[in-house]
Amino acid sequence: MADEEFDVVVIGGGPGGSTTASFVAMQGHRVLLLEKEVFPRYQIGESLLPATVHGVCRLLGVDQEVEEAGFIRKLGGTFRWGTDPQPWSFFFSVSPHMAGPTSYAFQVERMKFDHILLKNAARVGVDVREGCAVSNVVKEGERVVGVGYTDPQGRRRDVRATYVVDASGNKSRTSSAFGSQRVYSDFFRNIAVFGYFNGGKRLPASPGNIFCEAFEDGWFWYIPLSDTLTSVGVVINHEWADRIQGDQAQSLLRLIDKAPRIRDLLADATRVTEGVYGQVRVRKDYSYLNTQFWGNGMVLVGDAACFVDPVFSSGVHLATYGGLLAARSINTVLSGGIDERRSFEEFESRYRREYGLFYEFLMSFYNLHVDERSYYWQAKQVTQATDTELAAFVELVGGVASLDMAFDSRQSTRSRITGTARELEKLVKANQSQSAEDENLPLFQSPFMGEVMQQQAQVQATALIGGDEDEKPVFPDGLVASVDGLHWARPSSPGTGRGGGRTRR
């Protein structure tokens, strides 16, 4: 007999777990979150996207707390990538004339950011228990009905739930409990080595940007976390693992010597050697995708479900967006609104689509024998992008720009967003005629990025003005978000979805 019963048990207190648990608890359901560590705790994945900051965090009610936490503002990214010897940049706001108060994200210390989300989960009613390691799931027949865990006093406990959400990360021990299997990418089999430095230089034009430099052995990230602290990591193919054998700190320094711009940025810096940032760490960065994201009472979120190469900083976005999708499905089923299969098929289809967009584009982005213009062209081929997909990106930026306007009605807000988008579209098209030598040419003007960020735009719009009763389903006969963004609803005008029914990896 179980010691306790809940509507939902969430395994893992990272961004995916905290997001899922919070959105379910906010609907009045009984939620238990079990985290094996005690927060704050270290984690990698420090560069966020605007949809997380201004969409998911706003829906959670932590946007102001994140804003005031002192994190470095990230306006975009800068790359030394491809055949062009000069760095080139993208910006979330494609024109400084249209830059609104939400056209940025943050570079965060995950210890602080994740703790904000976990504490908020407790505030909205989640029973958060730290120092509790889940050892197994409990099943009745083929259905998962709970978990077994060990509490901080070492006592074994069982808890029963209608749904179990595995958000325990890439080392999940329970993600295969309902028959799902992890399938690794044949292309992205990489290893990351990373550490922290004090005194690194900042990019003169965009000091908060993430900087990525490709070199003969792989690529580096360079993420400013404060005025003095920088996260520096290198991603190399697993076939070159012998280059990081032995002293990992020395291996990192040897690889830095091969990347001239990273070497220059760190010329006057010293590696942190004490405290939580004093260790040089190695992580297997293999991209993977589970064969199922849900089934028989269990749901996978975040790295328990999938992981894609981190060059576009998609990790926290995929985790929190997946958490929102999972919460919508759980809330819908628990309220008796739409049946389980249809609700969770919508969750899985949208989640896989978002992963697939990043994965497919990254396949072409790793071709280093072309310049940035070719990446734009390749992205369009991968996604079969049209002006409609570009307009989806423009809508995202338009929604960001309208954050400080008075929202007197949802319809007037939509009108403002549309008007802003039309003006911005003119600027985007004008930018597309610029010379390829312009190092500030924005990558996010690419039509591909419109599709990548299409769902992010919906998350932000829901956070700002509520769901749209006229929203079109992403897939044929699919569902749409409810007005509050936390349930699924049947569309008012069923029909062909925007996803076009295309199959993705």
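The values are calculated or read from the model by the stated rules, or taken from the named source; none is laboratory data. None of these values were measured; they are calculated from a predicted model. Reconstructed Cβ throughout: ideal geometry from the backbone, glycine too, with neighbour counts over all protein chains shown. Note: accessible area is taken over every heavy atom of the protein model, side chains too, but ligands, DNA and RNA are not part of it. Shrake-Rupley method; radii C 1.70, N 1.55, O 1.52, S 1.80 Å.
Looking at the stretch 259-304 only, could you name the residues that are in a loop (DSSP other than H, G, I, E, B) and charged (D, E, K, R)? Working first, answer last.
Looking only at the stretch 259-304, we keep the residues that are in a loop (DSSP other than H, G, I, E, B), and these are 259, 266-269, 272-280, 291-293, 296-297, 301.
Within the stretch 259-304, D268, E274 qualify.
Looking at this structure, is F178 open to solvent by less than 60 Å² (accessible area, probe 1.4 Å) and assigned to a loop (DSSP other than H, G, I, E, B)?
Judged against the criteria, F178 is a match.
What do you reckon, is F39 in a strand (DSSP E or B), open to solvent by 10 Å² or more (accessible area, probe 1.4 Å) and of a type outside the set (S, T, Y)?
no
In the stretch 181-191, what count of residues is obtained for those that are of a type outside the set (F, W, Y), surrounded by fewer than 20 Cβ atoms within 10 Å (Cβ to Cβ) and assigned to a strand (DSSP E or B)?
Of the residues in that region, 5 qualify.
Table: residues versus (1) of a type outside the set (K, R); (2) modelled with pLDDT of 80 or more; (3) open to solvent by 30 Å² or more (accessible area, probe 1.4 Å).
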| position | (1), (2), (3) |
| --- | --- |
| Q43 | yes, yes, yes |
| G61 | yes, yes, yes |
| V66 | yes, yes, no |
| A69 | yes, yes, yes |
| T78 | yes, yes, no |
| T83 | yes, no, yes |
| S89 | yes, no, no |
| V94 | yes, no, no |
| A99 | yes, no, yes |
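Within the stretch 47-59, how many residues are in a helix (DSSP H, G or I) and either open to solvent by less than 10 Å² (accessible area, probe 1.4 Å) or more than 12 Å from Y104 (Cβ to Cβ) (or both)?
Here the count works out to 9.
Please enumerate the residues belonging to the stretch 194-207 that are modelled with pLDDT of 95 or more and either under 25 Å from the mean Cα position of the chain (by Cα) or in a strand (DSSP E or B) (or both).
So the first thing to find is which residues in the stretch 194-207 are modelled with pLDDT of 95 or more, and the list is 194-202.
F194, G195, Y196, F197, N198, R202, listed by residue number.
Given the residues E274, E239, which is the only one that is closer than 24 Å to F187 by Cα, of a type in the set (D, E) and open to solvent by 70 Å² or more (accessible area, probe 1.4 Å)?
E239
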